[in-house]
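Undergrad: Once you've had a glance at the structure underneath, I'll fire off some questions.
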Amino acid sequence: MEPAPITADEIADFRGAVGAAFHHDTSEQDLERLRTVLEPERTLVLRDDGRIVAATAIYTRRLSVPGGEVPVAGVTQVGVRPTHRRRGLLSALMRRQLADVHEAGGEAIAALWASESVIYGRFGYGLASSTVDLRIATRDVAFRSEPPLAAIDLLPAPEALDRLRPIHDAARAERPGMLDRAGQWWEFRIDDPEPERNGAQALRAAVIDGAAYALYAAKTKFDDGQAAGEATVREIVATTPESYAAIWSFVLGLDLVRKVSYELAAVDEPLPHMLTEARTVKADLYGDALWLRLVDLPRALRERAYG
């Protein structure tokens with residue numbers, strides 16, 4: 001078996017192999033989402049008797065770094081069918097993928113989020129950033145300094161895209177580790193199929209024009225007649241500390257909401273330092289986030305835009 005790319009007609013078989021590795025069934029909704037961002041020419045698969053049994057892919061992205069941004073090979077959709085494990089298929093794919101990226105010369109680094117962190121050190125990847133899941137009991141929240149009053153517009157997420165893009169771009173220029181969202185990536189980010197909402201409202205965008213936004217969904221609940229609603233934050237982005245405090249103040253002050261969850265927050269999330277009692281923010285789970293691998297060291301050094 002030799003690694004080879006797929007055609008657009010093979011995306012379903014490709015995703016079937018990856019889904020089997022993660023013990024996931026692949027729905028038509030999943031396939032539609034994947035087709036908007038997958039680059040068949042940058043996938044690699046191994047076939048056994050014509051059937052895809054192992055796979056990996058690359059998303060062509062740009063990553064912010066101190067002083068600018070660089071192209072990055074976003075490694076994704078890595079998996080081997082359970083029936084074909086322990087045969088060296090993953091190793092063959094990952095080594096071929098790195099060789100292809102190096103030979104193409106378009107990217108000096110590759111990056112990924114690891115489903116199992118023990119895997120990728122074998123291929124030269126190293127941990128670059130960490131993440132944390134946060135829970136905030138809103139009734140206990142008090143800010144050290146009262147956040148400034150701000151005009152906030154509340155919109156269905158799809159209607160807010162034109163206002164979210166410039167805020168994200170401005171923040172990304174100042175914060176290393178953020179990815180660009182060209183093409184369909186914004187639509188992918190706000191994708192919110194009803195079967196996956198678990199009783200919550202549709203995804204909303206709270207926007208301070210030109211300064212900050214929060215993407216979140218709230219769920220109304222009552223416990224013994226008392227409000228016990230929950231809100232889940234998908235993303236909070238701001239261009240200044242003041243607007244960051246203002247948008248957090250809005251989310252934490254939502255009526256009927258008593259708990260706010262923020263999954264996969266940055267490990268250096270500033271919210272605990274903004275409150276009079278940092279322990280109001282509980283950390284559920286620390287974990288690894290971005291893993292990086294130098295693919296072309298001379299190019300990586302040339303692309304540095306900082307001292």
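Undergrad: I want to verify a result. In a Gaussian network model of the chain, Cα cutoff 10 Å, which of these has the top mean-square fluctuation: Leu63, Leu93, Leu275?
TA: Highest fluctuation among the options: Leu275.
Undergrad: Grab the alpha carbons of region 83-168, take their convex hull, and tell me the volume per residue in Å³. Please list the in-between numbers first.
TA: Working: hull volume 23.7 nm³, N = 86.
Looking at region 83-168, the number lands at 275 Å³ per residue.
Undergrad: Separate question: Whenever you get a sec, compute what percent of the accessible area on the chain sits on carbon and sulfur atoms (1.4 Å probe). Could you put the intermediate results ahead of the total?
TA: Working: 7900 of 16080 Å².
So the carbon and sulfur contribution to the accessible surface is 49 percent.
Undergrad: Right, something else. Identify the chymotrypsin sites (Phe, Trp or Tyr not before Pro) of region 1-67 meeting these criteria: DSSP loop state and at most 12 other C-beta atoms within 10 Å of the C-beta.
TA: On the way: sites: Phe14, Phe22, Tyr59; in loops: Phe22.
Answer in residue order: Phe22.
Undergrad: Considering only protein heavy atoms, what per residue accessible area in square angstrom results for region 199-287 with a 1.4 angstrom probe? Numbers along the way, then the final one.
TA: Working: 4250 Å² over 89 residues.
Heavy-atom accessible area per residue stands at 48 Å².
Undergrad: Taking region 119-188, which trypsin sites (Lys or Arg not before Pro) meet the DSSP loop condition and have no more than 15 other C-beta atoms within 10 Å?
TA: Working: sites: Arg122, Arg135, Arg139, Arg144, Arg163, Arg172, Arg181; in loops: Arg144, Arg181.
Sparse-neighbourhood loop trypsin sites (Lys or Arg not before Pro): Arg144.
Undergrad: Counting just the Cα atoms, what span does the chain cover along each of its three principal axes? Round to the nearest Å and put the largest first.
TA: 61, 51, 34
Undergrad: How big is Rg to Rh over region 1-157, alpha-carbon atoms, Rh as the Kirkwood inverse-mean-distance radius? Let's see the in-between values first.
TA: Values: Rg = 19.9 Å, Rh = 18.3 Å.
In region 1-157, Rg relative to Rh is 1.09.
Undergrad: For region 134-166 and region 252-307, what is the centre-to-centre distance using only Cα atoms, to the nearest Å?
TA: So the two Cα centres are separated by 17 Å.
Undergrad: Determine how large the accessible area of Ile109 is when every protein chain is in place; take a 1.4 Å probe and give Å² rounded to the nearest 10.
TA: 30
Undergrad: Here's another thing I want to ask about it. Can you give me the Cα centroid spacing of region 3-39 and region 67-85 in angstrom?
TA: Taking the Cα centre of region 67-85 as reference, the centre of region 3-39 is 14 Å away.
Undergrad: Calculated from DSSP H runs of 4 or more alone, at -39500 (n - 2.57) each and per residue, what is the 222 nm mean residue ellipticity of the chain, nearest 500?
TA: Numbers: 8 runs with 76 residues, N = 307.
Calculated mean residue ellipticity at 222 nm is -7000 deg cm²/dmol.
Undergrad: Could you run the Debye sum over the Cα atoms of region 23-71, one equal point scatterer each and no solvent, and tell me log10 of I(q)/I(0) at q = 0.13 Å⁻¹, two decimals?
TA: So the normalised log intensities are -0.49.
Undergrad: Enumerate by residue number the trypsin sites (Lys or Arg not before Pro) in region 16-93 meeting two conditions: DSSP loop (anything except H, G, I, E, B), and at most 10 other Cβ atoms within 10 Å of the site's Cβ.
TA: Details: sites: Arg33, Arg35, Arg42, Arg47, Arg51, Arg61, Arg62, Arg85, Arg86, Arg87; in loops: Arg85, Arg86, Arg87.
Qualifying residues, ordered by number: Arg86.
The values are calculated or read from the model by the stated rules, or taken from the named source; none is laboratory data. Note that the structure is a prediction, hence the values are computed from the model and not measured. All Cβ positions, glycine included, derive from the backbone under ideal geometry; neighbour counts span all protein chains shown. Ligands, DNA and RNA are excluded from the accessible area calculation, which covers all protein heavy atoms including side chains. Shrake-Rupley method; radii C 1.70, N 1.55, O 1.52, S 1.80 Å.
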